[in-house]
Amino acid sequence: MWCDAAELVLAFESGKMMRAQELYRGELMPGFHMAGCTEFERWLEDERAAARERAAAAAWAMAVTLERDSRLTDAGHWARRSVKYSWDDERVLRRALNLLTRIGDRAGALRLYDQFAERMLAELDARPSAETVALAETLRSESNTGSPPVR
């Protein structure tokens, strides 16, 4: 018997990040609920979160590898993907903003920040932390002054 969720775990744990990305197709068992089965619901939510975290970590690992290999466009793609999977984790966002800036995509970094801030406000009625706002403001001010990218 074959299970994509189990294969995702195996791929991730064996360092096959591209394979892990191929296997992650979104939320585990979307829309599936069992009324009156609280323990199962908790387990399923934990498994969904774990799969999403593996996908985010795999995307980030690919971004770092691709940046190191000077495949900058691909690195930016996977950095953005890591944020997509961890859309409410500001640490992931800040890493991606710094990577995008290092590879010369400051405008892309600012767009990603703006999307993140809008989603936080819409879905959580919250604003980014002072640390994340300060990073975005630094990127904006450097963008306006023509300063070199943050290293």
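The values are calculated or read from the model by the stated rules, or taken from the named source; none is laboratory data. The structure displayed is predicted, hence computed values, not measured ones. Cβ sites come from the backbone with ideal geometry, for glycine too, and all protein chains shown count toward neighbours.
A compact table of results
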quantity: Cβ pairs under 6 Å, 6+ apart, first in the range 61-77 and closer than 19 Å to LEU93 by Cβ, second at pLDDT below 95 and part of a helix (DSSP H, G or I); calculated: ALA61/MET17; MET62/MET17
quantity: Residues within the range 114-142 that are exposed (fewer than 15 other Cβ atoms within 10 Å of the Cβ), touching a residue at least 24 places away in the same chain (Cβ under 8 Å) and polar (S, T, N, Q), tallied; calculated: 1
quantity: Close pairs from the range 16-43: first within 24 Å of ALA57 (Cα to Cα), partner assigned to a helix (DSSP H, G or I) and polar (S, T, N, Q), Cβ under 8 Å, at least 6 apart; calculated: MET17/THR65
quantity: Any chance ARG151 is touching a Lys or Arg at 6+ places or on another chain (Cβ under 7 Å), modelled with pLDDT of 95 or more and closer than 21 Å to SER70 by Cα; calculated: no
quantity: Odd one out for THR132, checked against (1) in a helix (DSSP H, G or I); (2) over 14 Å from ARG80 (Cβ atoms); (3) more than 17 Å from the chain's Cα centre (by Cα); calculated: (3)
quantity: Pair list, Cβ < 8 Å and 6+ apart or interchain, from the range 91-108 residues that are more than 11 Å from ALA79 (Cα to Cα) to residues that are outside any helix (DSSP H, G or I) and among the basic types (Lys, Arg); calculated: ARG102/ARG151
quantity: Candidates ALA75, ALA59 - the one that is in a helix (DSSP H, G or I), within 10 Å of the chain's Cα centre (by Cα) and within 26 Å of GLU118 (Cα to Cα); calculated: ALA59
quantity: Those residues of the range 8-39 which are of a type in the set (Phe, Trp, Tyr) and not in a helix (DSSP H, G or I), in sequence order; calculated: TYR24, PHE32
quantity: Residue in the range 28-47 that is surrounded by 12 or more Cβ atoms within 10 Å (Cβ to Cβ) and either modelled with pLDDT of 95 or more or touching a helix residue (DSSP H, G or I) at 6+ places or on another chain (Cβ under 6 Å) (or both) present; calculated: yes
